[in-house]
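Values in this text are rule-based calculations from the coordinates and carry no lab data. For clarity, every value in this text was computed on a predicted model and none was experimentally measured. Virtual Cβ from ideal backbone geometry, glycine too; neighbours counted across all protein chains shown.
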Amino acid sequence: MNPNLKRMSIALCVSALIVAGNSGLAGVSSNTVAANSKDTPLPLKIIHDSEAAYASLSSYSDTGKVLMEMNGRTLTTVFNIHLARSNLYRIEWEQTQLTATTSMTSRGAAWSAGDGDFFLGAAGIQRMKSPELALASAAAVSSSASLTVPGLFFDIVDLSGLKQLTAMSADLVQQQDATIGTVDCYVISGERNQNGLKIATTLWIGKKDYMIHKSKRVMEHLEKTPIPEGLDVATKDMMQKEMRRMQQEPVIYTETHENISINNSLKKSDFIHEEPTGTGVSR
């Protein structure tokens with residue numbers, strides 16, 4: 001692989017690793033108690049209403065894009081999502097890595113039609129032990145697009161920053177309302193420091209549907225993060241160098257959700273990712 005592309009891939013994994021750690025990516029539910037009393041600050045009430053809106057859905061579909069920017073490099077991920085109660089999902093993405101001289105595209109997916117959890121990555125199709133592991137694996141290679149809404153829908157993990165913002169309600173700021181496409185949105189922002197990482201999050205939440213139509217996260221001041229065991233020396237060395245580089249410049253994620261469709265009837269076939277004949281499944 002081109003060294004620049006390999007460096008970006010490793011940087012993406014490092015970033016996903018950090019976010020996963022900060023988001024409790026262990027399959028632990030993060031239930032939020034509603035607090036919509038008259039004494040609740042308006043920004044926090046909007047966030048609680050958004051959480052409640054996702055929890056009330058029977059199904060959800062959308063298309064979207066994540067733009068990840070760091071160290072002068074850009075990674076763009078386009079995705080589509082289909083979710084339904086109680087354990088049905090299909091998330092597919094196409095990712096383009098750009099450097100000054102090279103462009104490279106890769107694809108992946110995570111899905112369950114009720115008879116197992118599957119993940120498609122560089123190593124082919126793998127059967128996963130749980131939806132949490134399938135979604136976590138997808139997040140590590142898809143700029144976390146696969147977990148923002150699915151995490152809220154299934155209440156297993158959240159990379160949108162919405163749940164984390166509820167813990168810092170005193171510091172939440174309601175910005176001027178804005179329009180995303182044709183959707184009038186509340187704009188809520190806040191910052192938190194966690195594990196040596198400062199994360200500034202802004203959410204654009206629809207006034208009528210309370211869905212997240214856009215989110216932006218700026219991650220700064222990365223400190224030492226454990227590197228997974230079992231990596232070869234060259235990859236570990238590059239990962240350590242990338243961590244030091246990321247200490248100098250922020251990593252910016254901008255994610256948009258379009259064509260949102262909720263509470264529609266979906267068939268089992270809507271949750272099956274079709275691969276060409278002959279593609280193996282690792283069990």
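Structure notes:
- Subset of K45/K216; K65/K129; K65/K198; K216/K268; K207/K268 violating a 26 Å alpha-carbon distance limit: K65/K129; K216/K268; K207/K268
- Here each label is just a point 7 Å from Cα along the line to Cβ, and for N264 and T63 those points are 1.2 nm apart.
- Using θ = phi - 60° and Karplus 6.51 cos²θ - 1.76 cosθ + 1.60, couplings along the stretch 50-59 (whole Hz; Gly, Pro as x): 5, 4, 5, 5, 5, 5, 7, 6, 8, 7
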